[in-house]
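Down below is the structure, laid out as structure tokens.
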Amino acid sequence: MLDGIQPSCDFPDFDHDRLEVTDCVALVNTYVSPEWTALMAGKTQAEINAKKAAINGHLDQTACHGWNNLFGFNAKPGNYTPT
């Protein structure tokens, strides 16, 4: 016991993190698909980044790449490798 509580998990929000990683892996793989590339044709990189950030629900477009690199299925932490 620690100050009257009984911690059973290192962090209380495991399900949220797991769901976010799963969503981000799917989004990152979508962003390298031919369909996404065709949809973004004619847009500047800043416009594409703003769209990705809005879709991801983060402040910028790099957050989902970070989740994917750390916990995704590419088995190469720190290196993005399209599947």
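Details
- Residue match in region 21-36 (condition: part of a loop (DSSP other than H, G, I, E, B) and at pLDDT 80 or above): yes
- Condition broken by Trp67, with the remaining ones in (1) in a loop (DSSP other than H, G, I, E, B); (2) touching a helix residue (DSSP H, G or I) at 6+ places or on another chain (Cβ under 6 Å) satisfied: (1)
- Some residue of region 2-17 being assigned to a helix (DSSP H, G or I), open to solvent by less than 60 Å² (accessible area, probe 1.4 Å) and at pLDDT 75 or above: no
- Selection within region 31-48 - surrounded by 14 or more Cβ atoms within 10 Å (Cβ to Cβ) and β-branched (Val, Ile, Thr): Ile48
- Matching residues in region 53-83 - criterion: being polar (S, T, N, Q) and either open to solvent by less than 50 Å² (accessible area, probe 1.4 Å) or at pLDDT below 60 (or both): Asn56, Gln61, Asn68, Asn69, Asn74, Asn79, Thr81, Thr83
The values are calculated or read from the model by the stated rules, or taken from the named source; none is laboratory data. Predicted model only: the values in this text are computed from it and were never measured. Cβ: placed from backbone, ideal geometry, glycine included. Neighbour counts: every protein chain shown. In case anyone asks, the SASA skips ligands and DNA or RNA and just uses the protein heavy atoms, side chains included. Shrake-Rupley method; radii C 1.70, N 1.55, O 1.52, S 1.80 Å.
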